[in-house]
Amino acid sequence: MHGRVKERTSEEKERIRLAAEAEKVKQYCKDVDVVISHVQDHGPDRQTLKLTQIVLDTNPEYYTMWNLRRQALEKLQDEIPKSEMDNMYYEELKFIEHAISLNTKCYWTWHHRKWIVQRLAHLTDWQREVKLCTKLLNLDLRNFHCWSYRRFVASHANESLSQQFDYTTTKIEQNFSNYSAWHQRSALLLEIEKDDHALLNALQNELELVRQAVYTEPNDQSPWIYHRWLMAQCKGVLTRLGRPPHELAQQELSHIKELLSIEPEAKWPLLTTATMMIDVDRSTYASEIKDILTTLKKVDPARQEYYKFLETKV
């Protein structure tokens, strides 16, 4: 109709989008070429920091750019006063935070931040680093890059292993589907409990926590994978203490069967039951294991070949 702005069709919008994307790629390639040319002619220097920042603003995954920044900073450290160098490191931390906001799960960004705070050493505000991790983990509970960095900075911030362990509890209680928190928990537990008797008690407490998690969401793999690790640790500890490990396994099987009476087709409790029965006494449980694997092939057909492989173990 007259007086109305013509709306672009979806094809026209897509054509415009692709053209804009192509222009961005073209500019990005030019920016990369400028960095490489500059470093070849002048070596890594102060200008390198400015040029690589332009590239990393577009693509923080380009690890060569982070390497060039480190080389430039190392060179500058031998050329300028320490106070000025420290200020440059602080500015670098600010830039890294910006890069993290662009991509929170980039290996190279987190590696570079770890390198910078180590260069600052006693000048690093370790408590602030812990708070940064807390902020980011509130946004993404399962960011394993951030979890790993948090363990590193927490030790420098004089946060005890027990405090770190308590933090994993908080995050798990917020969301049981947090594989990274479960993983951190496994690493911390073995550092905290060095005595086998104390470790066994802690492991049994962990099994209770896992039961709460799997009853909340039986099909969530995170607590089940942690459960598998717990059972392996329990077996090792009980063996070292000269106690039969199968008694605890039988108790766990009983708990899982109770869950299966409510959720008979839940994949993870079925799979856990089958693998535990194979480990405990495959001959005695042979018929039951085969029935479970038959059910698994129906409820999880994408992994039929794996279940067929398990059948060969019976």
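Values computed for the structure shown
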| read-out | value |
| --- | --- |
| Flag if Q251 is open to solvent by 80 Å² or more (accessible area, probe 1.4 Å) and closer than 29 Å to Q304 by Cα | yes |
| Residue match in the range 150-159 (condition: in a helix (DSSP H, G or I), of a type outside the set (D, E) and over 17 Å from K131 (Cβ atoms)) | no |
| Single residue of L189, L161 found to be touching a residue at least 12 places away in the same chain (Cβ under 8 Å) and crowded, with 18+ Cβ neighbours inside 10 Å | L189 |
| Test: residue in the range 267-274 that is more than 21 Å from W182 (Cβ to Cβ) and more than 29 Å from the chain's Cα centre (by Cα) | no |
| Qualifying position, being farther than 30 Å from D125 by Cβ and either open to solvent by 40 Å² or more (accessible area, probe 1.4 Å) or outside any helix (DSSP H, G or I) (or both), among P223, P218 | P218 |
| The range 283-312, subset outside any helix (DSSP H, G or I) and loosely packed, with under 13 Cβ neighbours inside 10 Å, residue nearest to the chain's Cα centre (by Cα) | T312 |
| Some residue of the range 44-63 being more than 33 Å from the chain's Cα centre (by Cα), in a helix (DSSP H, G or I) and of a type in the set (V, I, T) | no |
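The values are calculated or read from the model by the stated rules, or taken from the named source; none is laboratory data. Values in this document were obtained by computation on a predicted structure and should not be read as measured data. Glycine gets a Cβ as well: all are built from the backbone with ideal geometry, and neighbour counts include every protein chain shown. In case anyone asks, the SASA skips ligands and DNA or RNA and just uses the protein heavy atoms, side chains included. Shrake-Rupley method; radii C 1.70, N 1.55, O 1.52, S 1.80 Å.
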